[in-house]
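Undergrad: Have a look at the structure that comes next, please.
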Amino acid sequence: MNSLRIEGVGKSFDQLEVLRNLELTVEQGEFAAVIGPSGSGKSTLFNLVSGLDHPTSGQVLVEDEPASVESGKVAYMPQKDLLFPWRTVLDNTALALEAQGVRKREARARADALFADFGLDGFQKAYPSQLSGGMRQRAALLRTVVLERPVLLLDEPFGALDSLTRTDMQLWLADMWQRHRWTVVLVTHDIREAVLLADTVHVLSPRPATVVERIEVPLPRPRGAADFTAPEFAATERRVLEALRGTTAVKTA
């Protein structure tokens, strides 16, 4: 089953064409990464998938229905954790459920049930300022996952972390995906991150963006730190890099 289908999508803002005839399909339980040059329209694409905006042409379908905020089929995690400093970690993670009308006690119980799995058990009563950067991102992902939406959108979730913490979080997310098999679309500028986490990497051209190459990652699951040195890993990184360089060459030629 296709969890997400983007068919011939174009998006313009007045005279600025951001997306052009973009095609992308994500199967149920697939981890897809989207990577492209800066300013290529990745954020615009996420706005269309989440239903915050609508395409100028083409269609975005989530579980065969037009993407919309009202459908409740997409959960979105931005790059910044956006945790409220005056709320405890538990209250922060329950906030999205409360905003949907779930009673506070039930929302807290549903969020609390995930704390151990997310490595946050014992920090329910802590405040965001007491958490490390990696823990804050795990809390933000928990807040997203607890909504139980069919599709998760992750917008450079580890981009603000230092290199060591980012690697730890990438490995942690690879393990979490292996256990839960969420349907994920990840926007990233990090080729290594895309290859480690994704089943498929979709390379965008510069604006107006289209998908110029869909690259299947040949690494077996589950994945871990040992994969960083695998020949297949290096070969896939090189293929993604060449695809990105090719888009830049076309743009500047």
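The values are calculated or read from the model by the stated rules, or taken from the named source; none is laboratory data. Computed from a prediction, not measured in an experiment: that's the story for all the values here. Cβ sites come from the backbone with ideal geometry, for glycine too, and all protein chains shown count toward neighbours.
Undergrad: Just the residues that are hydroxyl-bearing (Ser, Thr, Tyr), more than 21 Å from ALA243 (Cβ to Cβ) and at pLDDT 95 or above, please, taken from segment 1-55.
TA: Scanning segment 1-55 gives a single hit, SER12.
Undergrad: Here's something else I'd like to know. Would you please list the contacts, defined by Cβ atoms under 8 Å and residues six or more apart or on different chains, that run from a residue in segment 97-110 that is on the phi < 0 side of the Ramachandran plot to a residue that is of a type in the set (Asp, Glu)?
TA: Final answer for the pair search is LEU97/GLU106; LYS104/GLU98; ALA107/GLU98; ARG108/ASP91.
Undergrad: So, one more: Could you run through segment 52-69 and say how many residues are part of a loop (DSSP other than H, G, I, E, B), of a type outside the set (A, V, I, L, M) and within 24 Å of TRP182 (Cβ to Cβ)?
TA: 4
Undergrad: Looking at SER40, SER57 in this structure, which one is hydroxyl-bearing (Ser, Thr, Tyr) and either surrounded by fewer than 20 Cβ atoms within 10 Å (Cβ to Cβ) or not assigned by TED's automatic domain parsing to the domain that holds MET176 (or both)? Walk me through how you get there before you give the answer.
TA: On the way: SER40 fails: either surrounded by fewer than 20 Cβ atoms within 10 Å (Cβ to Cβ) or not assigned by TED's automatic domain parsing to the domain that holds MET176 (or both).
From the options SER40, SER57, the qualifying one is SER57.
Conditions (1) under 18 Å from ARG223 (Cβ atoms); (2) in contact with an Asp or Glu (Cβ under 9 Å, 6 or more places away or on another chain); (3) of a type outside the set (Asp, Glu), marked per residue:
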| position | (1), (2), (3) |
| --- | --- |
| LEU120 | no, no, yes |
| GLY134 | no, yes, yes |
| GLN137 | no, yes, yes |
| VAL145 | no, no, yes |
| LEU164 | no, no, yes |
| ASP175 | yes, no, no |
| THR183 | yes, yes, yes |
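Undergrad: Of (1) more than 12 Å from the chain's Cα centre (by Cα); (2) in a loop (DSSP other than H, G, I, E, B); (3) surrounded by fewer than 21 Cβ atoms within 10 Å (Cβ to Cβ), GLY159 satisfies all except one. Which?
TA: Single failed check for GLY159: (1).
Undergrad: So if I check each of MET135, MET77, which one is touching a residue at least 60 places away in the same chain (Cβ under 8 Å), surrounded by 20 or more Cβ atoms within 10 Å (Cβ to Cβ) and either within 25 Å of GLN170 (Cα to Cα) or of a type in the set (A, V, I, L, M, F, W, C) (or both)?
TA: Just a single option satisfies the conditions, and that option is MET77.
Undergrad: Tally up the residues in segment 4-33 that are in contact with a Lys or Arg (Cβ under 6 Å, 6 or more places away or on another chain) and closer than 19 Å to PRO206 by Cβ, please.
TA: Going through segment 4-33 one residue at a time, the tally reaches 3.
Undergrad: Looking at VAL34, VAL18, VAL49 in this structure, which one is assigned to a strand (DSSP E or B), within 16 Å of the chain's Cα centre (by Cα) and buried (at least 18 other Cβ atoms within 10 Å of the Cβ)?
TA: Being assigned to a strand (DSSP E or B), within 16 Å of the chain's Cα centre (by Cα) and buried (at least 18 other Cβ atoms within 10 Å of the Cβ) holds for just one of VAL34, VAL18, VAL49, which is VAL34.
Undergrad: Quick test of your reading of the structure: TRP86 fulfils all but one of (1) buried (at least 17 other Cβ atoms within 10 Å of the Cβ); (2) at pLDDT 95 or above; (3) of a type outside the set (Asp, Glu). Name the failing condition by number.
TA: All conditions are met except number (1).
Undergrad: Next up: Determine whether segment 113-136 contains at least one residue that is over 25 Å from SER163 (Cα atoms) and within 20 Å of the chain's Cα centre (by Cα).
TA: yes
Undergrad: Within segment 187-226, track down each residue that is in a loop (DSSP other than H, G, I, E, B), farther than 16 Å from ILE6 by Cβ and of a type outside the set (Lys, Arg).
TA: Of everything in segment 187-226, those that are in a loop (DSSP other than H, G, I, E, B), farther than 16 Å from ILE6 by Cβ and of a type outside the set (Lys, Arg) turn out to be THR188, HIS189, ASP190, ALA198, ASP199, PRO206, VAL217, PRO218, LEU219, PRO220, PRO222, GLY224.
Undergrad: Kindly establish whether ASP91 is at pLDDT below 95 and either touching a Leu at 6+ places or on another chain (Cβ under 8 Å) or not polar (S, T, N, Q) (or both). Walk me through it before giving the result.
TA: Values: at pLDDT below 95: no; either touching a Leu at 6+ places or on another chain (Cβ under 8 Å) or not polar (S, T, N, Q) (or both): yes.
Considered against the rule, which asks whether it is at pLDDT below 95 and either touching a Leu at 6+ places or on another chain (Cβ under 8 Å) or not polar (S, T, N, Q) (or both), ASP91 comes out as no.
Undergrad: Here is a further query. Pull out all pairs, ordered by first then second residue, where Cβ-Cβ is under 9 Å, the residues are six or more apart or on different chains, the first lies in segment 3-19 and is closer than 16 Å to ASP64 by Cβ, and the second is hydrophobic (A, V, I, L, M, F, W, C) and surrounded by fewer than 21 Cβ atoms within 10 Å (Cβ to Cβ).
TA: LEU4/LEU61; ARG5/LEU61; ILE6/LEU61; ILE6/VAL211; GLU7/LEU61
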